[in-house]
C-alpha cells in the first residue's frame, strides 16, 4: 500500500527541480502537490495536468500570487482541513521557515509524518554569511545567530541591492539624500509585512504565531525543525549539519542529472548561454560592471569556438540593464542577444557549447543538465554582490572560474566530459527514510 506524500514548492522552479523526481516517487507514494505562485512559467498547469492524467500525482493546488498576503492566508485556511484529512506520511518542501510551510507543519500534518527539506539552490548561509560558515567548518566557537548577517528575503533583495548599488556607484548629493529615506521606507514596509504574515493573520486563522527560529533568518531554510535535510553539495551539507544539529543530512544527485542529450561532437555549437542576475530591477549598471562583463565574455569567446552569446533574462527582471549590456557588447563587437527564460535550463543547455557569466544558481542547474558544456563563473562582476563568489557555491563541483583580475586556468576551456560524483537520488533517500519510519 502506498504512503501519502505532500510536496510543497515554488512554482518557478517546479519543472526544473521537482518534476523530474515525480515518476520515481509515484512508485511508492500517492502524491499531492501545493505550489506557491511565484513567477510561474508558461504551461505549468498543462504539465501538472499531464502528471495527474498519467496517474503520477493525485491532485495539485496553486496558491494566489506570493505578494497577495491576505489572499494567500485565506487560501491556506481553506485548504488546512483538506490537507489534515489526507493524513500524510511524508512532507517534502523547500524550507520549514516560510509561512506556507509553517501552516502545513504546525496545522495540517499528523505526528507520525516525516518532514524533509530539499535545498537545490545556492544557500543563503553561503551567500551572505561566509565568515560565519568558516567558523562553523573550522570547529571554532560559533557566534550567536544575532551576530551573523540576516539574508534579505527574496521579495525584498532586489530593492536592497538597488540601494546598495546606488551607494557604490552614484555619489551625487541628491542620491545620497534620497537613500536614507528609501532604506527607512523599506524597513518599515518589511516589518509591517512580517507582523501580518507571521503573527496577526496566522493568529486569526489558526490561533498560531509563526515566530522565527534561531537560524531561520540567516539560512531561510530551517532552524532544525525538519526531520531531514537534503542538499546537492558536500560543503553546504556539512555546514548546515553542524549549525542546525540535524542528524539526518544527505547529499543527493541533482534532479536533472542524466538528462544530457549531447555527445562528444560539439563543434557545431556556436553560442554561449549567460544567465543575467545580480542586478534585477535596475535600468542601468555602471561602466565598471559593463567592462567586467565584456572582459570576461571576450576571454571566453577567444578561447572557444563560440561566436555569439545568449543573455538569458532573469524570470523576475523588470529593469532595462540587460538591453544596456547587450548594446555595450555590440559596441565592442560581441554578438549578444537577449533570450527569455520560459524553458528550464535543463531543456536548453545541451544546445550550447557552455554557460558563462554571473554567479547565478543557474550555473549549478547547467552543470547538472549537460555533461559536456563548460560552466564558468565570472568572479569579477559577481564580487559586486558576494565577498567571495566562488565560496557561494560550496565546493563549486563542475564549475570553473575566471578570477576577479581576469586571469584563468586555460584548462577550464578543454573539451571533456564532466563526471558527476556518485550519489543517491532524492527518491532513493526518501525511500530510506520511509523504511526507517516503518522500523
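The values are calculated or read from the model by the stated rules, or taken from the named source; none is laboratory data. Keep in mind it's a predicted model, so treat the numbers as computed, not measured. Using ideal geometry, Cβ is built from the backbone for each residue, glycine included, and neighbour counts are taken over all protein chains shown.
Below are the figures for this structure:
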read-out: Filter result (under 17 Å from residue 123 (Cβ atoms) and either at pLDDT below 95 or touching a strand residue (DSSP E or B) at 6+ places or on another chain (Cβ under 6 Å) (or both)) within segment 224-237; value: 224, 225, 226, 228, 229, 230, 231, 234, 237
read-out: Evaluation of residue 55 against (1) in a loop (DSSP other than H, G, I, E, B); (2) at negative phi; (3) surrounded by fewer than 20 Cβ atoms within 10 Å (Cβ to Cβ) (one fails), failing number; value: (2)
read-out: Failed criterion for residue 423 (all others in (1) surrounded by fewer than 20 Cβ atoms within 10 Å (Cβ to Cβ); (2) without any contact (Cβ under 8 Å) to a residue 40 or more places away in the chain hold); value: (2)
read-out: Meets criteria (over 17 Å from residue 118 (Cβ atoms) and out of contact with any helix residue (DSSP H, G or I) (no Cβ under 9 Å at 6 or more places or on another chain)) for residue 245; value: yes
read-out: Unmet requirement for residue 109, which otherwise passes all of (1) over 23 Å from the mean Cα position of the chain (by Cα); (2) modelled with pLDDT under 95; (3) under 23 Å from residue 247 (Cβ atoms); value: (2)
read-out: Single unsatisfied condition, residue 125 versus (1) in a loop (DSSP other than H, G, I, E, B); (2) under 26 Å from the mean Cα position of the chain (by Cα); value: (1)
read-out: Test: residue in segment 76-86 that is within 13 Å of residue 35 (Cα to Cα) and either buried (at least 18 other Cβ atoms within 10 Å of the Cβ) or assigned by TED's automatic domain parsing to the domain that holds residue 32 (or both); value: yes
read-out: Helices (runs of 4 or more DSSP H) (entirely within segment 200-285) containing at least 3 residues that are closer than 23 Å to residue 13 by Cα; value: 216-219, 234-244
read-out: Subset of segment 344-367 (residues that are surrounded by fewer than 17 Cβ atoms within 10 Å (Cβ to Cβ) and touching a helix residue (DSSP H, G or I) at 6+ places or on another chain (Cβ under 9 Å)); value: 347
read-out: Residues that are closer than 16 Å to residue 269 by Cβ, surrounded by 14 or more Cβ atoms within 10 Å (Cβ to Cβ) and touching a strand residue (DSSP E or B) at 6+ places or on another chain (Cβ under 9 Å), drawn from segment 287-311; value: 300, 301, 304, 306, 309, 310
read-out: Any hit, segment 33-52, residues being outside any loop (DSSP other than H, G, I, E, B) and in contact (Cβ under 8 Å) with a residue 40 or more places away in the chain; value: yes
